[in-house]
Every structure is written in C-alpha cells, then in structure tokens.
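A.B. asks: A single structure is presented below for examination.
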Amino acid sequence: MASALPVDAIRTLSEQHPKPSNVHFQYGTAGFRTLGNILDSVMFRVGVLAALRSKRLDGKTIGVMITASHNPEQDNGVKLVDPRGEMLEAAWEVHATNLANAATTDAFVDALDAFVKTAKIDLSKPARVVYARDTRPSGPALIAALEHGFKAIGAEARNAGVTTTPVLHYLVKAINTKGTKEEYGVDSEEGYLQKLSTAFKKLVAGKPAIPPLVIDCANGVGAIVGEKLGAHLGDTLKLLLHNTAIDTAGALNHACGADFVKTSQRLPPSLASVLQPGQRGCSLDGDADRLIYYYLDDRGQFHMLDGDKIAALVAAFIVELTKSAGLEGEIQVGIVQTAYANGGSTKYLAERLPIKCVSTGVKHLHHAAEHYDIGVYFEANGHGTVLFSSDTTNKLSSHQPSTPAQSTALNHLINLTQLINQTVGDALSDMLLIEVVLAHKSYSGLEWDSLYVDLPNRLVKVVVPERNIFKTADAERRLTSPPGLQAKIDELVHRYEGGRSFVRPSGTEDVVRVYAEATVRSQADELAFRVAGLVYDEVGGDPAKRPAEFL
Ligand code: G16
C-alpha cells in the first residue's frame with residue numbers, strides 16, 4: 001500500500017469528539033440512530049469510515065445522510081449510502097459499530113489500523129463523499145463533526161446541504177454514473193426535480209386535469225423540496241403543502257407525518273379542517289422517504305392507503321402496461337413485502353403475482369426486489385419503490401412495438417423508469433407515481449381503496465430495558481428468544497378469528513414492536529395489547545406500571 005493513515009490528524013481531531021463513556025452505539029436498520037446530543041463522536045468516526053469505504057471502492061463517491069427520519073425531533077442519526085445509491089453493504093455495518101464503540105482516541109486509531117489491514121483498503125486511493133442533512137436542530141453541529149472526520153482523513157467532500165434522504169441517494173448514483181451509459185441524471189437537487197417533473201408531465205399528458213393534492217410535510221425537509229417540486233410541476237399538479245413549520249421547535253413529526261398516520265390510523269389533527277371529503281391527501285415523514293395516502297368518504301370517515309395499497313395499485317398498473325406493450329411473458333413483475341404487510345394485501349397480491357416476505361428494513365426489500373425483472377417493494381409504513389433490472393431497461397429500449405397502442409404503453413414504461421427513484425423509497429417520487437396511476441385509471445381514493453379490504457390491525461410499542469434479547473426467525477414472523485415466548489403468543493393467536501401477531505425489536509427506536517391483526521377490529525386491538533402484555537411481563541416490567549390496555 002502506497003500510503004498510511006494520517007494518524008496525527010486523526011488523533012488531533014478525534015480528541016475534539018470523545019465518545020461518551022456510558023453509551024453503546026449500534027448501526028441498525030437505518031444506520032446509527034439515537035438522541036442527537038450524544039452522536040458527536042459517531043459523526044466524526046462515520047466521516048472517517050465513509051472515506052475508507054470510498055477508498056475501498058476505488059474512489060467511488062459514498063453518501064452520508066444525517067437524519068432520524070420518522071423519529072422524534074430530539075433524535076438524530078446517520079447512514080451511509082453505497083455507490084449505486086443503495087444502503088451500505090451489510091458486512092460494513094459491523095465495522096461501523098466497532099469503530100463507533102472504540103472507547104478512546106487510541107482505541108479508535110488501533111481499530112482503524114486493524115480494519116484497514118483486514119479489509120485490504122488501499123490508502124493511496126482517493127476518497128470522495130457527498131453528504132446532506134434534514135432539518136433537525138441538532139443537524140448543523142453534527143455536520144461539523146462529520147466534516148472533521150472528512151478533514152482528518154483527507155476526503156474530497158461535497159456538501160449537498162439540507163435535502164431529503166432520497167435526494168441524497170439520487171445524488172450518489174448520479175455522481176457515480178456520470179459520463180457512463182448508465183447515467184442516472186444531472187447530479188444536483190435541481191437535476192432530480194427536473195428529471196421527475198419532466199417524466200411526470202409526459203406520463204399525464206392528454207389526461208384530464210388532476211385535482212390539487214393535500215400534502216402533510218411532517219414539518220420536515222419535505223416542505224422545502226416539496227415546494228421546489230411544486231414550482232416545477234406548475235399547473236400539471238398543484239401541491240397544497242401543509243405542516244411546513246420547519247423552524248418551530250418540537251413540530252417535526254409531531255401529530256403529523258406518515259408514521260403518525262400509519263400508527264394511529266387517523267388524519268393529522270392539523271388537516272381536520274383542510275381535507276375535504278373525496279379529496280386526496282398524503283403524509284410524508286421527516287426526511288421524505290415514506291408516504292401514506294388517505295381520503296375522507298362522503299360521511300367524513302377517514303380511510304388510509306398505506307404502503308400495501310400503494311404496492312397493489314402500482315404493481316397492477318405496471319403489469320397492465322407490460323401486457324399492453326406486447327411484453328407479456330417476457331418481463332416478470334414481482335412483489336416484496338415484510339411481516340407488517342396486511343394479510344388482506346398479501347392474499348390479493350399472492351393470487352396475482354410472485355411475492356416474497358423479508359425482514360424489515362429497506363435494504364432487505366431492495367435486495368430481494370433486485371431478483372425480479374421489475375420488483376415492486378413497499379413496507380406497509382409507506383417506504384418503498386420499484387426496481388427495473390438492467391436487462392429489463394435494455395429490453396424496454398430495444399423492443400419494437402407492433403401497434404400504436406403498444407408504442408404508447410412502451411413509452412409509459414420508459415417514462416416510469418425516469419419518474420421512479422430506483423435508489424431507495426422516495427415519498428415525492430412515489431407520490432408522483434401514484435398520481436400517474438390514478439390519472440390513467442381515473443381512480444379516486446375510493447376506487448383505489450376497493451382493490452382489496454384491509455384486515456383490522458394494531459401496532460403497539462413496548463418500552464423494554466434491553467431490546468436485543470428479542471431474536472427472530474422466518475422473516476421476523478417468529479421469536480426464537482426469549483425462550484418460550486413464541487409458544488405463548490401462538491396459544492393466544494389461536495383464540496382469535498383470522499388472528500396473526502408477531503413481535504420484533506425495533507432497529508430505530510429503543511422499543512419492541514408488536515403487530516396483530518384479526519377479522520374484527522376489537523379483536524385485533526385486544527390481541528395486540530395482550531401480546532404486548534406478554535412481552536411486558538417477560539422482560540420483568542413493574543406490574544404496578546403495566547399499561548392499563550395491556551389487559
Ligand atoms: C427505517 C427503515 C425502514 C423501517 C423503519 C422502521 O425507516 O428504513 O425500512 O421500516 O425504519 O424500522 P424499525 O421497526 O426497525 O424501527 P425510516 O423512515 O425511519 O428511515
């Protein structure tokens with residue numbers, strides 16, 4: 001190896017970012033995520049790690065996003081993005097965790113040294129990174145710590161400012177494909193907005209005018225990028241942005257946003273006097289990578305259209321287009337879900353398409369979706385996208401349509417490949433995709449909702465002292481630890497008609513999540529709370545503090 005680690009610079013700057021002694025950090029479902037005010041040392045070290053990842057990959061640009069997405073405002077986090085815009089390779093998550101937990105500067109330098117040797121990192125290679133943050137108040141200080149990490153190791157770093165997580169993923173891919181035949185787009189936020197809005201306009205050309213769309217921006221960064229997107233769309237689609245208070249302390253994700261809607265299964269109170277019966281509304285989350293739609297029926301009753309409904313709508317549309325383009329049998333569309341997918345959606349989709357269930361976390365869904373010609377993946381929480389394999393993309397560009405109808409459908413498919421952010425789930429791109437499908441099908445929320453009926457379900461969080469004692473198998477549908485708990489859950493589930501329930505540790509919050517569904521609403525609620533009660537008792541929760549609803 002031609003050069004060595006710049007140990008002196010790393011030591012000097014690392015001393016300014018000491019690791020808090022009583023904390024263990026873990027690179028989880030979506031990177032490091034915890035209270036923003038304890039993440040300083042993690043940011044510095046992630047800066048160094050991102051540069052090493054780039055060197056390992058021959059100077060390809062690595063992305064770093066500072067966000068805690070749907071978490072409350074006091075939390076923050078950081079995740080790395082690999083060169084094609086996808087999540088960091090799983091093997092490196094362990095290295096990230098090790099480096100973050102080195103107790104002192106000396107230990108950190110030793111760990112780095114050992115890591116460079118075992119991972120065979122050629123330090124003479126260039127290091128290139130692009131980084132961004134969301135609107136969290138802890139963001140600027142964490143960015144400063146991250147920049148120290150880049151400086152310490154001498155990385156070439158590009159600041160993409162305050163933007164959404166999906167824009168950062170887009171940028172990584174756009175930068176790394178620049179000048180190649182896979183060029184993904186112009187490597188700027190403006191390039192992203194141009195790409196999406198141009199494709200959208202082509203896809204809805206000639207369709208009746210689309211009524212305005214109400215958007216809950218979760219008081220997060222989606223408000224900023226959503227406004228810019230609205231300017232690009234002009235009259236094609238009027239975006240009515242709400243919950244845009246990015247500077248109001250405590251407002252982020254509070255009683256609004258995709259996670260609030262999905263978990264509480266109701267309209268954000270701030271939209272109560274905004275959304276009219278029949279009108280379409282949607283909620284983004286804090287960094288605009290999740291999306292949940294909804295509408296009020298004639299009686300003013302709330303109906304949610306979550307990630308499962310999005311998958312069903314989008315997959316059916318794409319299948320239809322492939323048939324109309326004369327590509328039936330040549331391009332296989334498949335679905336990827338997690339255990340959280342509503343039983344109603346799984347039944348509906350499995351009757352029509354190949355389907356796979358994987359563990360929670362976009363990285364798992366993404367990889368599984370890559371095995372299909374066109375892979376549609378959505379988590380029920382509204383996080384997802386559609387992937388077109390490179391064979392499929394080539395097929396689309398070389399296919400010779402034999403009728404004008406085939407040619408139109410083919411063009412629509414090609415434009416969809418431009419509209420969809422294929423690097424990661426993207427609320428704004430997904431929103432445009434949904435608007436395209438609704439416009440093509442002349443669907444209102446009601447018609448979309450009628451594709452299948454959701455089983456009543458309930459998601460409950462149980463705060464536990466140590467979530468890592470909960471271990472799962474079978475795509476998180478069964479617990480293997482603590483011993484005996486799964487048998488108790490099974491015994492309970494059998495007593496409920498259409499009952500299904502599972503328990504898993506969250507990868508982003510210090511809680512265990514309990515999901516339950518049943519044929520009847522009250523039974524789904526009861527099952528969820530009773531399973532939560534089992535979990536609470538299992539971890540030795542204080543009986544006096546047992547939440548009343550845990551029966
Ligand atoms: C992240 C992941 C998602 C996952 C969610 C919740 O979302 O990217 O794939 O579904 O966390 O994970 P858990 O149940 O393990 O806490 P986001 O939007 O917060 O980045």
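A.B. asks: What number of residues in the stretch 356-371 are within 13 Å of the ligand (Cβ to nearest atom) and not aliphatic (A, V, I, L, M)?
C.D. replies: The total comes to 7.
A.B. asks: Which numbered condition trips up Tyr27, out of (1) within 18 Å of Val424 (Cβ to Cβ); (2) out of contact with any helix residue (DSSP H, G or I) (no Cβ under 9 Å at 6 or more places or on another chain)?
C.D. replies: Only one criterion is unmet by Tyr27, namely (2).
A.B. asks: Something else: Within the stretch 504-551, track down each residue that is of a type in the set (Gly, Ala, Ser) and assigned to a helix (DSSP H, G or I). Walk me through it before giving the result.
C.D. replies: Applying the first criterion (of a type in the set (Gly, Ala, Ser)) to the stretch 504-551 yields 506-507, 516, 518, 522, 524, 528, 532-533, 540-541, 544, 548.
Answer for the stretch 504-551, where residues must be of a type in the set (Gly, Ala, Ser) and assigned to a helix (DSSP H, G or I): Ser522, Ala524, Ala528, Ala532, Gly533, Ala544, Ala548.
Quick grid of which residues meet (1) more than 14 Å from the ligand (Cβ to nearest atom); (2) surrounded by 18 or more Cβ atoms within 10 Å (Cβ to Cβ); (3) within 28 Å of Pro72 (Cβ to Cβ); (4) not polar (S, T, N, Q):
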site	(1), (2), (3), (4)
Asp474	yes, no, no, yes
Ala487	yes, no, no, yes
Tyr496	yes, yes, no, yes
Arg500	yes, yes, no, yes
Val503	no, yes, yes, yes
Thr508	no, yes, yes, no
Val512	no, yes, yes, yes
Ala516	yes, yes, yes, yes
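A.B. asks: Additional query: What number of residues in the stretch 28-67 are assigned to a helix (DSSP H, G or I) and among the aromatic types (Phe, Trp, Tyr)? Break it down into steps so the answer makes sense when it comes.
C.D. replies: Looking only at the stretch 28-67, we keep the residues that are assigned to a helix (DSSP H, G or I), and these are 36-38, 40-56.
Going one step further and asking which of them are among the aromatic types (Phe, Trp, Tyr), we end up with 44.
Selection size over the stretch 28-67: 1.
A.B. asks: Which numbered condition in (1) in contact with a His (Cβ under 6 Å, 6 or more places away or on another chain); (2) in the same structural domain as Leu396 (by TED's automatic domain parsing); (3) within 16 Å of the ligand (Cβ to nearest atom) is the only one that Leu321 fails?
C.D. replies: Here Leu321 meets the rest and fails (3).
A.B. asks: What single numbered condition from (1) more than 22 Å from the chain's Cα centre (by Cα); (2) surrounded by 15 or more Cβ atoms within 10 Å (Cβ to Cβ) fails to hold for Ser442?
C.D. replies: Unmet condition: (2).
A.B. asks: Would you mind finding the one in Val376, Val333 that is away from the ligand (no atom under 16 Å from the Cβ), among the aliphatic types (A, V, I, L, M) and either closer than 23 Å to Val204 by Cα or free of Cβ contacts under 8 Å to residues at least 60 places away in the same chain (or both)?
C.D. replies: On the way: Val376 fails: away from the ligand (no atom under 16 Å from the Cβ).
When all the criteria are applied, what remains is Val333.
A.B. asks: Can you confirm whether the stretch 71-87 contains a residue that is part of a loop (DSSP other than H, G, I, E, B), surrounded by 17 or more Cβ atoms within 10 Å (Cβ to Cβ), more than 15 Å from the ligand (Cβ to nearest atom) and not assigned by TED's automatic domain parsing to the domain that holds Leu387? Spell out the reasoning first.
C.D. replies: Of all residues in the stretch 71-87, those part of a loop (DSSP other than H, G, I, E, B) come to 71-74, 82-86.
Narrowing further to those that are surrounded by 17 or more Cβ atoms within 10 Å (Cβ to Cβ): 71, 73, 82-83, 85-86.
With more than 15 Å from the ligand (Cβ to nearest atom) added as a condition, the list becomes 83.
After this cut, where a residue has to be not assigned by TED's automatic domain parsing to the domain that holds Leu387 as well, the list is 83.
Within the stretch 71-87, one or more residues are part of a loop (DSSP other than H, G, I, E, B), surrounded by 17 or more Cβ atoms within 10 Å (Cβ to Cβ), more than 15 Å from the ligand (Cβ to nearest atom) and not assigned by TED's automatic domain parsing to the domain that holds Leu387.
A.B. asks: Go through the residues of the stretch 159-181 one by one and say whether even a single one is more than 16 Å from the ligand (Cβ to nearest atom), among the hydroxyl-bearing types (Ser, Thr, Tyr) and in a loop (DSSP other than H, G, I, E, B).
C.D. replies: Within the stretch 159-181 (the criterion being more than 16 Å from the ligand (Cβ to nearest atom), among the hydroxyl-bearing types (Ser, Thr, Tyr) and in a loop (DSSP other than H, G, I, E, B)), the answer is yes, since at least one residue qualifies.
A.B. asks: Can I ask one more? Of Lys117, Lys195, Lys181, which residue is in contact (Cβ under 8 Å) with a residue 60 or more places away in the chain and either out of contact with any strand residue (DSSP E or B) (no Cβ under 7 Å at 6 or more places or on another chain) or exposed (fewer than 15 other Cβ atoms within 10 Å of the Cβ) (or both)? Reasoning before the result, please.
C.D. replies: On the way: Lys117 fails: in contact (Cβ under 8 Å) with a residue 60 or more places away in the chain; Lys181 fails: in contact (Cβ under 8 Å) with a residue 60 or more places away in the chain.
Answer to the check: Lys195.
Condition check ((1) buried (at least 18 other Cβ atoms within 10 Å of the Cβ); (2) of a type outside the set (A, V, I, L, M, F, W, C); (3) on the phi > 0 side of the Ramachandran plot) across all residues:
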position	(1), (2), (3)
Pro212	no, yes, no
Asp216	yes, yes, no
Gly220	yes, yes, no
Glu227	no, yes, no
Ala251	yes, no, no
Ala255	no, no, yes
Thr263	no, yes, no
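A.B. asks: Within the stretch 20-59, can you find the residues that are closer than 17 Å to Leu171 by Cβ and out of contact with any strand residue (DSSP E or B) (no Cβ under 7 Å at 6 or more places or on another chain)?
C.D. replies: Selection gives Leu57 alone.
A.B. asks: Another question about this same structure. Starting from the stretch 521-533, keep only residues that are at pLDDT 95 or above, then list their pairs with residues that are aromatic (Phe, Trp, Tyr) and part of a helix (DSSP H, G or I) whose Cβ atoms are within a distance under 6 Å, requiring at least 6 positions of separation or different chains.
C.D. replies: If the second residue must be aromatic (Phe, Trp, Tyr) and part of a helix (DSSP H, G or I), the pairs left are Phe529/Phe550; Ala532/Phe550; Gly533/Phe550.
A.B. asks: Give the residue, chosen from Val94, Val48, Val81, that is within 25 Å of Glu15 (Cβ to Cβ) and either without any contact (Cβ under 8 Å) to a residue 12 or more places away in the chain or of a type outside the set (S, T, N, Q) (or both). Don't jump to the end; show me each part of the working.
C.D. replies: On the way: Val94 fails: within 25 Å of Glu15 (Cβ to Cβ); Val81 fails: within 25 Å of Glu15 (Cβ to Cβ).
Going through Val94, Val48, Val81 in turn, just one is within 25 Å of Glu15 (Cβ to Cβ) and either without any contact (Cβ under 8 Å) to a residue 12 or more places away in the chain or of a type outside the set (S, T, N, Q) (or both): Val48.
A.B. asks: Here is a follow-up. Within the stretch 28-51, is there a residue that is farther than 22 Å from Ala145 by Cβ and not assigned by TED's automatic domain parsing to the domain that holds Ser359? Give the steps one after another, and end with the answer.
C.D. replies: Filtering the stretch 28-51 for residues farther than 22 Å from Ala145 by Cβ gives 29.
This time we only want the ones that are not assigned by TED's automatic domain parsing to the domain that holds Ser359, so: 29.
Scanning the stretch 28-51, I find at least one residue that is farther than 22 Å from Ala145 by Cβ and not assigned by TED's automatic domain parsing to the domain that holds Ser359, so the answer is yes.
A.B. asks: Right, something else. Here is a list of conditions, (1) within 16 Å of the ligand (Cβ to nearest atom); (2) more than 22 Å from the chain's Cα centre (by Cα); (3) part of a loop (DSSP other than H, G, I, E, B), and Leu479 meets all of them except one; can you say which number that is?
C.D. replies: Every condition holds for Leu479 apart from (3).
A.B. asks: Considering only the stretch 256-281, how many residues are over 28 Å from Gln422 (Cα atoms) and in contact (Cβ under 8 Å) with a residue 60 or more places away in the chain?
C.D. replies: Counting residues in the stretch 256-281 that are over 28 Å from Gln422 (Cα atoms) and in contact (Cβ under 8 Å) with a residue 60 or more places away in the chain gives 4.
A.B. asks: Quick one: is Leu284 among the hydrophobic types (A, V, I, L, M, F, W, C), farther than 24 Å from Ser442 by Cβ, free of Cβ contacts under 8 Å to residues at least 60 places away in the same chain and assigned by TED's automatic domain parsing to the domain that holds His254?
C.D. replies: Numbers: among the hydrophobic types (A, V, I, L, M, F, W, C): yes; farther than 24 Å from Ser442 by Cβ: yes; free of Cβ contacts under 8 Å to residues at least 60 places away in the same chain: no; assigned by TED's automatic domain parsing to the domain that holds His254: yes.
No, not satisfied.
The values are calculated or read from the model by the stated rules, or taken from the named source; none is laboratory data. From a predicted model like this one, the values you see are computed outputs, not experimental measurements. Here the Cβ is made from the backbone with ideal geometry for all residues, glycine too, and neighbour counts use every protein chain on show.
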